[in-house]
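This report refers to the structure that appears directly beneath it.
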Amino acid sequence: QKEVEQNSGPLSVPEGAIASLNCTYSDRGSQSFFWYRQYSGKSPELIMFIYSNGDKEDGRFTAQLNKASQYVSLLIRDSQPSDSATYLCAVTGRLAFGKGNQVVVIP
Amino acid sequence: GAVVSQHPSWVICKSGTSVKIECRSLDFQATTMFWYRQFPKQSLMLMATSNEGSKATYEQGVEKDKFLINHASLTLSTLTVTSAHPEDSSFYICSARWQSSTDTQYFGPGTRLTVL
């Protein structure tokens, strides 16, 4: 089993809608979880990290962590064309990355 | 947020030459830095973990004699691609771990290597 899995294919959302991304992880002992955004041809940039069960909000982004079910999700509210990118889920330690979810926001 | 720089941002070299890439944490000390490689439309691939003052730990399948890593100080790690070949052409990205309760990693802007 891979350490971090992001199984959804490319996600297309209309401008202004909510984009929802999910990620599962295998190591139950993982403590911190991160969401990075990567634009094409650029390096990843940190959007949010979360380490407590529940929700964490930062502007239009909300991260949700459920350690019992071993998943972490990212919601992007009021999606904008500038949100079009690949979103990477990562778990602390060696910072294992999922393959990422490509999000395309359609104007 | 924390800043990590990489130099150069891009480099073109001839096959058989060596290329050195620098990764610096500008406003924090990083005992651990990581080197990644990313081919077009593919995932980030961890190459090695660089620890200050000790030998790097390489991922399976990464040749340590070809990709030399030196982490001589708490703010600088270097990756040298020795005897580069066209198949080494890729986007090389470093990250530095800020030791805290969350161990957040910050990425450098990446170095695009093209080997002719």
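No lab work stands behind these numbers, since they all come straight from the coordinates. Note that the structure is predicted; figures quoted are calculated from it, not measured. For neighbour counting, all protein chains shown are included, and Cβ atoms are generated from backbone atoms with ideal geometry for every residue, glycine included.
Residues in the range B:10-27: is at least one touching a residue at least 24 places away in the same chain (Cβ under 8 Å), more than 12 Å from every other protein chain (Cβ to nearest Cβ) and at positive phi? Looking for residues that are touching a residue at least 24 places away in the same chain (Cβ under 8 Å), more than 12 Å from every other protein chain (Cβ to nearest Cβ) and at positive phi, one finds at least one in the range B:10-27, hence yes.
The strands (runs of 3 or more DSSP E) located wholly in the range A:1-97 that include 3 or more residues which are touching a residue at least 60 places away in the same chain (Cβ under 8 Å) and away from chain B (no Cβ under 12 Å) occupy A:11-14, A:19-25. Here B:ARG112 does not fit the description of being charged (D, E, K, R), closer than 26 Å to A:MET48 by Cβ and within 14 Å of chain A (Cβ to nearest Cβ).
The set of residues from the range A:74-99 being surrounded by fewer than 19 Cβ atoms within 10 Å (Cβ to Cβ) and under 10 Å from the mean Cα position of the chain (by Cα) comprises just one member, A:LEU75. Taking the criterion of being within 13 Å of another protein chain (Cβ to nearest Cβ) and closer than 17 Å to B:SER15 by Cβ, the only residue of the range B:60-91 that qualifies is B:SER90.
Of the residues making up the range B:67-116, those that are touching a residue at least 12 places away in the same chain (Cβ under 8 Å), within 20 Å of B:GLU52 (Cβ to Cβ) and assigned to a loop (DSSP other than H, G, I, E, B) are B:LEU74, B:THR75, B:GLN99, B:GLY108. Within the option set A:SER52, A:SER79, A:SER69, A:SER43, being closer than 22 Å to A:GLY16 by Cα and either hydroxyl-bearing (Ser, Thr, Tyr) or out of contact with any Asp or Glu (no Cβ under 8 Å at 6 or more places or on another chain) (or both) holds for one residue only, A:SER79.
Going by the structure shown, is A:ARG60 basic (Lys, Arg) and surrounded by 13 or more Cβ atoms within 10 Å (Cβ to Cβ)? When the stated conditions are applied, A:ARG60 passes them.
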